[in-house]
Amino acid sequence: MDTGEDPPDLDARYELLSESRRRYVLYYLFDNDHASIDRLASQVAAWEQNVSIESVSDEQRKSIVVGLLHNHLPRLEEHDVVTFDQRRGDVHRGRRFEALTSTVKRAREDDEIESAVSTSSETFLYGDTVTESTNSDR
């Protein structure tokens, strides 16, 4: 599958996948093209503890948010695998995400992780995505 983007080199790919929380972020984005940081942290906590999302406490979710914000998301973003808007709290697939899909899929099968429940009604912190206007909008 040619995605038009070169994947991170082999060492970088496996370094990114070496930590379970980074893998879980990628697994979530494998099923969903975006997430709020809170929803993502809740799903990561549920996968780590093998419980439902509803069983995750606020304390557990907040602890994972901190780790994602200060460690895992910056590393994934550095390799253009995800993009993270700190102001809005949104996590999206990065331009190189598709180049890693086969590796992520294999890792997910090895981890035996179920699909994330899609939440199309997910809300974001500061409203709709800002788009540039075109001349026809004026």
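The values are calculated or read from the model by the stated rules, or taken from the named source; none is laboratory data. Please read all numbers here as calculations on a predicted model, not as lab measurements. Cβ atoms come from the backbone with ideal geometry, glycine included; neighbour counts cover every protein chain shown.
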I'm trying to understand the selection: among the residues of segment 52-103, which are closer than 17 Å to Ala12 by Cβ and small (Gly, Ala, Ser)? Gly94, Ala99, Ser102
Quick check, is Arg23 in contact with a strand residue (DSSP E or B) (Cβ under 8 Å, 6 or more places away or on another chain) and basic (Lys, Arg)? no
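With the requirement that a residue be of a type in the set (Lys, Arg) and touching a Pro at 6+ places or on another chain (Cβ under 8 Å), what does segment 67-99 give you? Give the steps one after another, and end with the answer.
Keep residues of segment 67-99 that are of a type in the set (Lys, Arg), which gives 75, 87-88, 93, 95-96.
Once the filter is applied, which keeps residues that are of a type in the set (Lys, Arg) and touching a Pro at 6+ places or on another chain (Cβ under 8 Å), segment 67-99 yields only Arg96.
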Could you check Thr3 against (1) modelled with pLDDT under 95; (2) in a helix (DSSP H, G or I) and say which number it fails? (2)
